[in-house]
1. If you check Ile31, Ile35, Ile61, which single one turns out to be within 30 Å of Met88 (Cα to Cα) and either assigned to a helix (DSSP H, G or I) or polar (S, T, N, Q) (or both)?
2. Evaluate the following for Ile78: is it modelled with pLDDT of 95 or more, part of a helix (DSSP H, G or I) and surrounded by fewer than 10 Cβ atoms within 10 Å (Cβ to Cβ)?
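The values are calculated or read from the model by the stated rules, or taken from the named source; none is laboratory data. It should be emphasised that the depicted structure is a prediction, and the values quoted were computed from it without experimental measurement. Cβ atoms come from the backbone with ideal geometry, glycine included; neighbour counts cover every protein chain shown.
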Amino acid sequence: MNLEKPNSDELRRKRKKYYRISNNILRSIGILLGIGLLLYFLLKIQSVIVYLLISMVATLIGRPIVMFLRPRLKFPKIAAVIFTILLMVGVLAGIAYIFVPVLTEQGKNLYSLDWDKLQAELNKLYVEITNYFGASQEMEEYR
């Protein structure tokens with residue numbers, strides 16, 4: 001067994017190696033903590049981010065309208081902006097006016113649906129498809 005004392009150069013190299021390893025571990029832990037804090041922060045301000053995204057989309061849609069109204073129709077800037085906002089609100093209200101009655105009617109139809117009859121029809125369709133494609137009876141047992 002070799003019981004010699006390691007020389008100082010060897011000790012310095014080992015210390016440097018261990019220092020690098022511990023430094024990298026601490027750096028990794030710090031990065032993971034930073035990512036975790038960032039995700040937690042984004043989760044807390046989630047609603048604000050949604051509002052910002054909606055406003056960005058509205059701006060991207062509205063700016064060309066304002067840029068058209070100002071030089072071509074000689075609107076003042078504030079009038080062009082107000083007209084654009086009213087136009088966007090009107091379009092959204094029109095879309096709601098068109099689709100809300102349709103959606104409520106579909107909801108009523110879905111509510112009055114006979115689920116047992118639908119299940120029987122789907123089972124019948126499944127058996128017809130398996131017979132048409134020649135699926136084996138073992139496959140039907142797993143269903």
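1. Working: Ile31 fails: within 30 Å of Met88 (Cα to Cα); Ile35 fails: within 30 Å of Met88 (Cα to Cα).
Of Ile31, Ile35, Ile61, the one residue that is within 30 Å of Met88 (Cα to Cα) and either assigned to a helix (DSSP H, G or I) or polar (S, T, N, Q) (or both) is Ile61.
2. Values: modelled with pLDDT of 95 or more: yes; part of a helix (DSSP H, G or I): yes; surrounded by fewer than 10 Cβ atoms within 10 Å (Cβ to Cβ): yes.
In short, yes.
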